[in-house]
Amino acid sequence: MLNLARTLGIGIAVILLSVAARAEAVKLVTLEYPPYEYQAGGKADGIAVRIVEEAFKKMGKDVSIQVLPWKRALHMTKTGEADAIFTAYKNDERVKFLDYSETVLMPQVLSVWVKKGSDVAFDGSMDSLATADIGLVDGISYGSTVDDAIKAGTLKSLDYAPESSNNIKKLMGGRIDAVIMNKYGAMHHLKQQNGLDQVVELEPEISSVPSYIAFSKANNLAGMRDELDGVLQEMIASGEYQSIIDAYFAE
């Protein structure tokens, strides 16, 4: 009887410790935005997810990651229901309730993609793309550089599609000369269509907008933010950050 009581006591203690550990997990929220973050097989995955998970692992902290509609994710971080959000752009309104990392979690790079062997020559100016047949997604803003060139008529031959994947398919099929697209978004669609070895990214990039992980000010996590910054910087300096991205696209 004594042994049974002892066994039950140990079992209860283990359960309580397990519950406590789960309760202490850092609660992160994000959005559905492949290949950076998305829901797959009942859990979050993507290049940003893998980087964040590895960074917190190095800090000795468990995390839970929910993929949610963006407005809901922002609201949860604002109220403190969630501890942090990624990948978030920085603006004046959000800094009122978010402590942003100093280190950029993921640069959102916009670039030009063409088939290997293409004679499209891009020198960084929209004028150099004036005569190319360019694939774009209908209703999407590409930032001031591209949007202004479209309005001015600098880009003369535009082919609009409802989704980015359609443009990659048309590019690989030779129906358009080039695609303007988010770097890792393009690589994601190329991977899905077995085209990573058929298409190349032209230099220079058109633009790069930083996105971050940001912590809820309501939960007073600036210290955790600072610790994570240091870990991310170490991962970037060691090459581990890029290795995680390379491994994702090599799968």
Matching residues in segment 151-163 - criterion: being touching a residue at least 24 places away in the same chain (Cβ under 8 Å) and part of a loop (DSSP other than H, G, I, E, B): Thr154, Leu155, Lys156, Pro162, Glu163
Count - residues of segment 61-99 that are in contact (Cβ under 8 Å) with a residue 40 or more places away in the chain, buried (at least 19 other Cβ atoms within 10 Å of the Cβ) and farther than 16 Å from Ile51 by Cβ: 6
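Evaluate segment 138-150: report whether one residue or more is farther than 30 Å from Leu232 by Cβ and either touching a residue at least 40 places away in the same chain (Cβ under 8 Å) or touching a Phe, Trp or Tyr at 6+ places or on another chain (Cβ under 7 Å) (or both).
In the first step, residues of segment 138-150 are kept if they are farther than 30 Å from Leu232 by Cβ; the result is 138-139, 147-150.
Applying the additional criterion that residues be either touching a residue at least 40 places away in the same chain (Cβ under 8 Å) or touching a Phe, Trp or Tyr at 6+ places or on another chain (Cβ under 7 Å) (or both) yields 138.
Yes: one or more hits.
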Qualifying residue in segment 125-145 (condition: farther than 28 Å from Ile245 by Cα, among the small types (Gly, Ala, Ser) and buried (at least 19 other Cβ atoms within 10 Å of the Cβ)): yes
Residues (crowded, with 20+ Cβ neighbours inside 10 Å and in a helix (DSSP H, G or I)) located in segment 174-184: Tyr184
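All of the numbers you see were taken from the coordinates with simple rules; none came from a lab. Everything numeric here is computed off the predicted structure, so don't read it as measured data. So basically every Cβ, Gly included, is an ideal-geometry build from the backbone, and we count neighbours across all protein chains shown.
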